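Have a look at the structure below before the remarks.
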Amino acid sequence: MNASALLGALNGTSNNNSTQSPALSAASPAHQHQLQPLSNASALLASLNNGPSTTTQQRDQLQHNNNPDSPAATNQQDPWGNTSGSHLPLSISQSINNPGLPSGVIVSSAAVNAMNGLSGPGAAAAAAAAAGAGLVRSETPGVPGSNGAGGGGQVSSGGGGKLLSLIQPGSIPGQTGQSENEKVYYLIVDLMSPNTREGALLELSKKREQWDDLALVLWHSFGVMSALLQEIVSVYPLLAPPSLTAHASNRVCNALALLQCVASHNDTRSLFLSAHIPLFLYPFLNTTSKTRPFEYLRLTSLGVIGALVKQNDNSDVINFLLSTEIIPLCLRIMETGSELSKTVAIFIVQKILLDEMGLGYICQTYERFYAVGTVLSNMVQQLVESQAVRLLKHVVRCYLRLSDNLRAREALRACLPEPLRDATFSPLLKGDMVTKRCLATLLLNLSDRVDS
């Protein structure tokens, strides 16, 4: 029966309407499955004329099976124990719908442009260069600016709404012809896999001084900050009782070095604080073991806090730190830590004092002033023996800043350590005119002539 006859039969011209059409009986099961939903003869006729077609789901499955890099072909296992392919998902929706399979890193194009040293109009050129180097844009159906359906095939030159899919974990950087940017991308993706994370942490910690905007890529890469926090939390059980090994200390310190990179960047510092990430470091600062792994851990953790406060405009940072117990933690390290740890800890206290809010906080009550003054006095006595000029510089500056507060000035007139009043440290400060001037100003502020 041809299509016209079949149309007439379905329209009721056949004498036996209750008998199934031979054409329908002879149709293959696949055809019958497709014909049943059609509600009228016209749709059926169009279906017969067009022939069988695969559904969107079937087509996607066929492409999936024909892809040599698909999970079925490679049979690779991801760190979470699930099968994952050797390439990132081609759509954002795929990543959202499968949050348990973060098989790669997705970074914003703004972050990649920052790595390439470009912004604005040059960002589109950088993205095109990245695509030629093996970095492909996500084809997200229905998302404006994407290459997928509904996007119109247009990609805007702005930084919003665009993602770049990068390389899989486990890839080995350093291949022939590989640019330095690509090496960094490979290492960042390797942070996602526990099997490759340790080496990536080591290499990236070495490169953090070479890439000014590495912090942007670290922060905006999917899952990277979570991986760094996982490294930090994983050593908490080793803190009490103290059982931290040198290997474990080195590994977590490499993760802390990357956090320091994020904390020191102007564009990520506020995000870093908003996430309250510094609080994850306080258990390290609260340790008292004097073994080298713990000392190294405390020193690196202090470096992250120091990176936050060393900026000139750091009122938000100071406000955040004053809401935590950072001052008591630093004071204890200033008393019992190594010389390097003491130097970084007193640097943090000095930066807090230089802020008006910080100075007012410490001088607000006698107990706070007494705690800070007692630790500084003990350090002066230790400096008489150790002659550590770096520490002495910070001690003098802390006392000088405290003397700017009227109540603290009255107290310092009675409790300023004697070695700072006489010439005990004159040989040590012989070539340091700045510190000598600070000490002279301190003594002048505490003299009776200031009030007269």
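Before moving on, here are some points about what is shown:
- Shape call, the stretch 288-372: gyration tensor on alpha carbons, a/c limit 1.5: oblate
- For A275, residues with placed amide H under 5 Å, excluding near neighbours: none
- Out-of-range pairs (alpha-carbon distance over 31 Å; input K206/K310; K290/K436; K351/K430; K342/K436; K183/K351): K290/K436; K183/K351
- Other residues lying with their Cβ under 12 Å from the Cβ of L439 contribute a combined charge of +3, Lys and Arg counting +1, Asp and Glu -1.
- At R0 = 45 Å, FRET efficiency that the Cβ-Cβ distance of S315 and T245 yields, to 0.05: 0.70
- On the basis of the beta-carbon distance and an R0 of 25 Å, N378 and L340 show a calculated FRET efficiency of 0.90.
- Overall shape: oblate for the stretch 223-362, with the ratio a/c of the largest to smallest alpha carbon gyration tensor axis at 1.5 or above and b/c at least equal to a/b.
- Taken one residue at a time, the phi angles of the stretch 361-366 give Karplus couplings (6.51, -1.76, 1.60, θ = phi - 60°) of 5, 6, 8, 5, 10, 5 Hz. Gly and Pro are set to x.
- Gain in span if fully extended, R390 to E356, counting 0.36 nm per residue against the direct Cα distance: 9.8 nm
- Working note: Karplus 6.51/-1.76/1.60 with θ = phi - 60° gives the stretch 324-339 the couplings 10, 9, 5, 5, x, 5, 5, 4, 5, 5, 5, 8, 10, x, 6, 4 Hz, where Gly and Pro are set to x.
- Karplus (6.51, -1.76, 1.60) ³J(HN,Hα), θ = phi - 60°, over the stretch 421-435, in Hz, Gly and Pro reported as x: 8, 8, 9, 4, 9, 4, x, 6, 9, 4, x, 10, 5, 5, 5
- Residues of the stretch 412-429 with amide N under 20 Å of a point placed 7 Å along Cα→Cβ from A371: 412
Every read-out reported here was derived from the displayed coordinates using simple, explicitly stated rules and does not represent laboratory data. Worth saying up front: this structure is predicted, and the values here are computed from it rather than measured. Reconstructed Cβ throughout: ideal geometry from the backbone, glycine too, with neighbour counts over all protein chains shown.
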